[in-house]
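Working notes, structure below.
The values are calculated or read from the model by the stated rules, or taken from the named source; none is laboratory data. Being a predicted model, the structure only gives us computed values, none of them experimental. Methodologically, a virtual Cβ is constructed for each residue, glycine included, from the backbone with ideal geometry; neighbour enumeration extends over all protein chains shown. Just the protein is used for accessible areas: all its heavy atoms, side chains included, with ligands, DNA and RNA removed. Shrake-Rupley method; radii C 1.70, N 1.55, O 1.52, S 1.80 Å.
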Amino acid sequence: MVMIFTLVTAVQEKLNEIVDQIKTRREEEKKQKEKEAEEAEKQLFHGTPVTIENFLNWKAKFDAELLEIKKK
């Protein structure tokens, strides 16, 4: 009877360790997914860096669009 109690206790402890490992792994995966989502969101807001060349190209296209609208 004492031996069975010892075996059952050992099995319970091992199962508790396994459950804890699974919970920890799930939490880490969840944190990783949240981190990836946050990085993707940051990329959306980051956009294109503005340089003089980029701005001049955009300005030329914008002015052309305005002239076309005014002609209509």
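Check region 2-12 and report whether any residue there is open to solvent by 100 Å² or more (accessible area, probe 1.4 Å) and under 20 Å from the mean Cα position of the chain (by Cα). Give the derivation first.
In the first step, residues of region 2-12 are kept if they are open to solvent by 100 Å² or more (accessible area, probe 1.4 Å); the result is 2-5, 7, 12.
Adding the requirement that they be under 20 Å from the mean Cα position of the chain (by Cα) leaves none.
No, region 2-12 contains no residue that is open to solvent by 100 Å² or more (accessible area, probe 1.4 Å) and under 20 Å from the mean Cα position of the chain (by Cα).
Name every residue in region 57-72 that is open to solvent by 100 Å² or more (accessible area, probe 1.4 Å) and of a type in the set (A, V, I, L, M), in order of residue number.
Step one: list which residues in region 57-72 are open to solvent by 100 Å² or more (accessible area, probe 1.4 Å), which gives 58, 61, 65, 67-72.
Hits for region 57-72 are LEU67, ILE69.
I'd like the full set of residues that are assigned to a helix (DSSP H, G or I) and open to solvent by 100 Å² or more (accessible area, probe 1.4 Å), limited to region 39-54.
GLU41, LYS42, GLN43, LEU44, PHE45, HIS46, ILE52, GLU53
Between residues in region 49-65 that are without any contact (Cβ under 8 Å) to a residue 60 or more places away in the chain and residues that are open to solvent by 100 Å² or more (accessible area, probe 1.4 Å) and not small (Gly, Ala, Ser), which pairs lie under 7 Å by C-beta distance while being six or more apart or on different chains?
Cβ pairs passing all conditions: ASN54/THR48.
Looking at VAL19, is it under 32 Å from the mean Cα position of the chain (by Cα), surrounded by 10 or more Cβ atoms within 10 Å (Cβ to Cβ) and among the β-branched types (Val, Ile, Thr)?
Values: under 32 Å from the mean Cα position of the chain (by Cα): yes; surrounded by 10 or more Cβ atoms within 10 Å (Cβ to Cβ): yes; among the β-branched types (Val, Ile, Thr): yes.
Considered against the rule, which asks whether it is under 32 Å from the mean Cα position of the chain (by Cα), surrounded by 10 or more Cβ atoms within 10 Å (Cβ to Cβ) and among the β-branched types (Val, Ile, Thr), VAL19 comes out as yes.
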